[in-house]
Amino acid sequence: MSDKKTAIIICGPTAVGKTDYAFRLAEKYHTQILSADSRQCYRELDIGVAKPEAEKLQAVRHYFINSHSIADEVTAAGFERYGLKALEEIFSQSDVAIVAGGTGLYVKVLIEGLDEIPQTDPLVEKSLREKWLEGGMPWLTAELGSRDARFATSGEMRNPQRMLRALAVKITTGKSILDFHTAARKERPFNVQKILLEAPRDLLYNRINQRVDRMVEDGLIEEAQKLFPQRSLNALQTIGYRELFDSFEGKITLERAIELIRQNTRHYAKRQITWLNKYFRDDQTRIITSLD
């Protein structure tokens, strides 16, 4: 029996119930939670990123929630450093740490370390950024689907910085950025226990639709209006905000924006499931289904 500490990594698609499950485990083991969500770390974002309720945040310490500003540059490499330090602090008080994983790349770098990705051509980067600023997420999504269908299916497709990086790598090297995700795993000073939360697809999609409706009722539109002047920031290129920004600019109706939030969130959940089945699920992963 190893005397290493244990990180319990809880993953699953959006709206499947990771927050509540992680909280229950943290209470059971009298420990703390490290969030692996690339958006809940921003202090200015609340309703649209489905942060844990204030009561949960007060009852159990959550690392990487409300830890950064939307003006900060948050990267996978930065999360790796932050996450390892957070786990070290948690393990100084407990034998178990809970990790609630919303962003697959962040979970991967925490467990395995970050791969070395080749440098890309600065001129290519500049050209892609200019085209993105002109065409927005629709152009970026379509371009990746055309040039790197593999990344478009299983990569981080709600973060334009990662999407631009993937495009630049593909154009510069001729290979998908995912081809470089083959480096040897780094040795971690803790054991990993993986838990994958699942739900039937129709139930999951229904939960997503209901969650979006609750967000609107709870003030998502008002939250987006406050953030609208800063809409060009990378942190705000996020489902739930960018659709509303389009409605504020008169590009679509508010009703259409809300329907697109539901639709885009369902599509995001589908991509998460693809990633989880490929990179997270294995013979040692504990599968928990039918959460309702």
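The values are calculated or read from the model by the stated rules, or taken from the named source; none is laboratory data. All figures in this text were calculated on a predicted structure; none of them were measured in a lab. Cβ placement follows ideal geometry from the backbone for every residue including glycine, while neighbour counts extend to all protein chains displayed.
Quick grid of which residues meet (1) within 30 Å of M215 (Cα to Cα); (2) in contact with a Leu (Cβ under 7 Å, 6 or more places away or on another chain):
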site: G48; (1), (2): yes, yes
site: E55; (1), (2): yes, no
site: I98; (1), (2): yes, yes
site: K126; (1), (2): no, no
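Going through the stretch 173-198 one residue at a time, which ones are of a type in the set (A, V, I, L, M, F, W, C) and at pLDDT 95 or above? Within the stretch 173-198, F190, V192, I195, L196, L197 meet the criteria. The residue that is farthest from K51 (Cα to Cα), counting only those in the stretch 67-108 that are surrounded by 23 or more Cβ atoms within 10 Å (Cβ to Cβ) and in contact with an Asp or Glu (Cβ under 8 Å, 6 or more places away or on another chain), is Y106.
Take the conditions among the basic types (K, R), within 20 Å of the chain's Cα centre (by Cα) and either loosely packed, with under 12 Cβ neighbours inside 10 Å or not assigned by TED's automatic domain parsing to the domain that holds V16 (or both) and apply them to R214. Does it pass? Criteria not met by R214. Can you tell me which residue is surrounded by the most Cβ atoms within 10 Å (Cβ to Cβ) among those in the stretch 17-27 that are of a type outside the set (G, A, S) and out of contact with any helix residue (DSSP H, G or I) (no Cβ under 6 Å at 6 or more places or on another chain)? Only one residue tops the list, namely K18.
The residues in the stretch 239-288 that are buried (at least 20 other Cβ atoms within 10 Å of the Cβ), of a type in the set (S, T, Y) and not in a helix (DSSP H, G or I) can be counted, and the count is 1.
Only a single item in (1) within 19 Å of the chain's Cα centre (by Cα); (2) surrounded by fewer than 17 Cβ atoms within 10 Å (Cβ to Cβ); (3) not polar (S, T, N, Q) is not met by Y205, and it is number (2).
Taking the stretch 38-56 only, how many residues are touching a helix residue (DSSP H, G or I) at 6+ places or on another chain (Cβ under 9 Å), basic (K, R) and part of a loop (DSSP other than H, G, I, E, B)? Talk me through it step by step, then tell me what you get.
Just the residues of the stretch 38-56 that are touching a helix residue (DSSP H, G or I) at 6+ places or on another chain (Cβ under 9 Å), to begin with: 38-42, 44-48, 50-53, 56.
Then drop every residue that is not basic (K, R), which leaves 39, 51, 56.
Applying the additional criterion that residues be part of a loop (DSSP other than H, G, I, E, B) yields 39, 51.
Adding up the residues that qualify gives 2.
Checking each residue in the stretch 57-99 for being over 20 Å from the mean Cα position of the chain (by Cα), in a helix (DSSP H, G or I) and among the charged types (D, E, K, R) picks out E88, E89. Go through the stretch 61-82 residue by residue and tally those that are among the basic types (K, R) and without any contact (Cβ under 8 Å) to a residue 12 or more places away in the chain. Residues meeting the conditions: 1.
Working carefully through the options L236, L178, L196, find the one that is surrounded by fewer than 20 Cβ atoms within 10 Å (Cβ to Cβ), within 20 Å of the chain's Cα centre (by Cα) and of a type in the set (A, V, I, L, M, F, W, C).
Working: L236 fails: surrounded by fewer than 20 Cβ atoms within 10 Å (Cβ to Cβ); L196 fails: surrounded by fewer than 20 Cβ atoms within 10 Å (Cβ to Cβ).
Unique residue meeting the criteria: L178.
Report every pair of residues separated by at least 6 positions or lying on different chains whose Cβ atoms are under 9 Å apart, first residue within the stretch 279-292 and at pLDDT below 95, second assigned to a strand (DSSP E or B) and among the small types (G, A, S). Here the result reads F280/G101, each pair linking the stretch 279-292 to a residue that is assigned to a strand (DSSP E or B) and among the small types (G, A, S).
Of all the listed residues (I208, I171), the sole one being part of a helix (DSSP H, G or I) and under 24 Å from G12 (Cβ atoms) is I208.
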